[in-house]
Amino acid sequence: MQILVLDTIHGGKVIRDHLILSGYSTDMVDVYRQSDGISEHEAVQKKYDLIIAPIHLDPDYHLFRRLYAPVITHHQAVRWLLKGSDEKTIEITGKRGKSTTASALAYLLPGNGILQASTGLVRYPKKEISSKLSITPASLLIASKNKPENGWMIAEVSLGFCGIGTLGIITSEEDYLVACGKRSALTIKKESSHVLPRVLVPPGFSLVHDRFIDASDLVKIDGNTARYRFKNKDFSITNPLFTLPGYHIPLMLACAAALLLDINPAPLSSFQPLPGRMEVKEESGYIILDNSNSGTCYQTSADAFRYITNIGDYKTVTLIIGQESASVCENFSTDEICSTIEQGKPQHVILIPGDKRIKCDSIRMICSTNNIGFSLASSSDEGLQLAKTKGNSLILLAVKRWK
């Protein structure tokens with residue numbers, strides 16, 4: 001079988017390598033940079049039995065019209081290469097809350113396991129980060145090889161499920177457009193849910209699936225208290241994180257998932273904030289609220305401003321905001337950044353314009369109109385050093401980044 005893999009920068013190389021090891025003749029085209037693999041011109045001269053393309057690729061991409069071969073997604077290719085499902089594997093997808101849900105569930109699962117998340121490939125129970133992988137479907141090929149024998153695996157997956165587990169979790173009903181603005185990311189995720197026997201969803205989530213479970217049917221959260229039933233007994237646990245918007249739904253989902261796996265989620269009472277997700281620390285006399293992660297957006301930044309009022313006088317905040325590198329699917333838009341600044345009204349803004357779509361002049365103008373200081377920095381670390389020269393005791397990091 002002759003196979004063509006499209007997109008080298010979102011896991012295509014990993015899929016290509018696994019196909020070759022499985023004995024398939026495989027070519028690869030770098031659809032975004034035209035630098036790796038063979039050229040598009042060379043591909044057109046050949047005949048292929050199968051094309052493997054990322055779900056976020058433009059459906060009108062010209063090779064789809066010029067090559068007469070069936071097309072499957074990277075997600076489907078991963079399922080094919082891994083030959084089915086594993087009862088101890090949980091897949092997690094969604095626009096927001098994936099990493100928090102995954103980390104909270106990993107915190108609850110007993111024994112040896114592997115967490116494949118935006119934070120990296122983490123071995124449990126020692127919490128050793130063995131490598132840094134993205135959350136593209138192809139990363140599951142690497143993560144699966146690191147899964148302990150008879151152990152569990154929790155995997156964050158971008159843009160839907162691969163179908164290699166027996167439980168899926170969708171963390172958010174928020175949507176955005178992919179594939180050159182022609183496809184709904186949420187619709188893609190919902191459609192992919194049918195490759196899994198059970199899917200857990202947030203309260204009120206609409207899904208057509210024979211065995212979907214609404215988390216609120218298993219867990220009730222009121223303020224800082226979660227209540228649930230386990231082995232015919234009623235339990236309640238408290239954690240101040242239940243009150244934070246960025247943790248409320250992810251912790252509810254982790255709690256419900258544990259119950260579905262016949263595990264008491266009581267240890268969640270001692271679960272602590274994750275790095276870059278409302279993490280508060282003191283450094284050189286400054287209080288720093290770090291809310292910089294791959295899901296940073298207007299809503300999470302607004303939540304951070306509300307949270308920071310519990311720490312001190314938010315009017316003396318230096319806000320470090322922006323994005324460290326370009327994103328194909330979803331970026332921290334100029335409008336969202338401007339809205340965050342206008343609502344929060346910090347004393348000074350340090351912008352990280354890592355994505356070309358971020359319009360520095362528009363953001364500079366918003367700051368000028370609101371009498372807010374403005375600076376530029378190339379990274380969060382540089383921005384943090386600059387913030388310490390501005391004389392504001394509170395520093396809020398709200399940078400979209402992949403750490």
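The values are calculated or read from the model by the stated rules, or taken from the named source; none is laboratory data. What you are looking at is a predicted structure, and each value in this text was computed from that prediction instead of being measured. Positions of Cβ are backbone-derived with ideal geometry, glycine not excepted, and every protein chain shown enters the neighbour counts.
Some points to look at:
- When residues of the stretch 139-149 are limited to those that are of a type outside the set (V, I, T) and more than 23 Å from L200 (Cα to Cα), the one surrounded by the most Cβ atoms within 10 Å (Cβ to Cβ): L141
- In the set (1) in contact with a Pro (Cβ under 8 Å, 6 or more places away or on another chain); (2) more than 19 Å from S99 (Cβ to Cβ), the condition left unmet by G181 is number (1).
- Yes/no for A326 being part of a helix (DSSP H, G or I), modelled with pLDDT under 95 and not β-branched (V, I, T): no
- Checklist (1) surrounded by fewer than 21 Cβ atoms within 10 Å (Cβ to Cβ); (2) under 27 Å from A185 (Cβ atoms) applied to I372, failing item: (2)
- Flag for L115 being farther than 17 Å from G295 by Cα and either in contact (Cβ under 8 Å) with a residue 60 or more places away in the chain or out of contact with any helix residue (DSSP H, G or I) (no Cβ under 6 Å at 6 or more places or on another chain) (or both): no
One line per residue, one yes/no per condition, for (1) under 30 Å from T318 (Cα atoms); (2) in contact with a strand residue (DSSP E or B) (Cβ under 7 Å, 6 or more places away or on another chain); (3) of a type in the set (A, V, I, L, M); (4) assigned to a helix (DSSP H, G or I):
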site: G181; (1), (2), (3), (4): no, no, no, no
site: L207; (1), (2), (3), (4): no, yes, yes, no
site: Y228; (1), (2), (3), (4): no, yes, no, no
site: F242; (1), (2), (3), (4): yes, yes, no, yes
site: Y247; (1), (2), (3), (4): yes, no, no, yes
site: P250; (1), (2), (3), (4): yes, no, no, yes
site: A256; (1), (2), (3), (4): no, yes, yes, yes
site: L259; (1), (2), (3), (4): no, yes, yes, yes
site: E282; (1), (2), (3), (4): yes, no, no, no
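- Scanning the stretch 120-168 for residues that are among the aromatic types (F, W, Y) and either in contact (Cβ under 8 Å) with a residue 60 or more places away in the chain or not in a strand (DSSP E or B) (or both) yields W152, F161.
- Filter result for the condition that a residue is assigned to a helix (DSSP H, G or I), β-branched (V, I, T) and not assigned by TED's automatic domain parsing to the domain that holds L253, over I20, I55, I72: I20
- Failed item in (1) out of contact with any His (no Cβ under 9 Å at 6 or more places or on another chain); (2) outside the structural domain of G160 (by TED's automatic domain parsing); (3) at pLDDT 95 or above, with S236 passing the rest: (2)
- Condition met for G113 (of a type outside the set (S, T, N, Q), crowded, with 16+ Cβ neighbours inside 10 Å, at pLDDT below 95 and over 29 Å from T300 (Cα atoms)): no
- The set of residues in the stretch 387-403 that are under 21 Å from P275 (Cα atoms) and either part of a helix (DSSP H, G or I) or not hydroxyl-bearing (S, T, Y) (or both) comprises A387, K388, L394, I395, L396, L397, A398, V399, K400, R401, W402, K403.
- Selection status of I358, modelled with pLDDT of 85 or more, within 30 Å of C180 (Cα to Cα) and of a type in the set (A, V, I, L, M, F, W, C): yes
- In the stretch 225-255, of all residues being among the aromatic types (F, W, Y) and surrounded by 21 or more Cβ atoms within 10 Å (Cβ to Cβ), the one that is farthest from G295 (Cα to Cα) corresponds to Y228.
- Residue list for the stretch 184-201, filter: farther than 25 Å from E87 by Cα and either of a type in the set (S, T, Y) or touching a Pro at 6+ places or on another chain (Cβ under 8 Å) (or both): S184, T187
- For the stretch 23-48, taking the residues that are among the polar types (S, T, N, Q) and modelled with pLDDT of 95 or more, the one that is surrounded by the fewest Cβ atoms within 10 Å (Cβ to Cβ) is identified as Q45.
- Residue check: C338 meets all listed conditions (1) farther than 16 Å from S292 by Cβ; (2) touching a Ser or Thr at 6+ places or on another chain (Cβ under 8 Å); (3) assigned to a strand (DSSP E or B) but one, namely (3).
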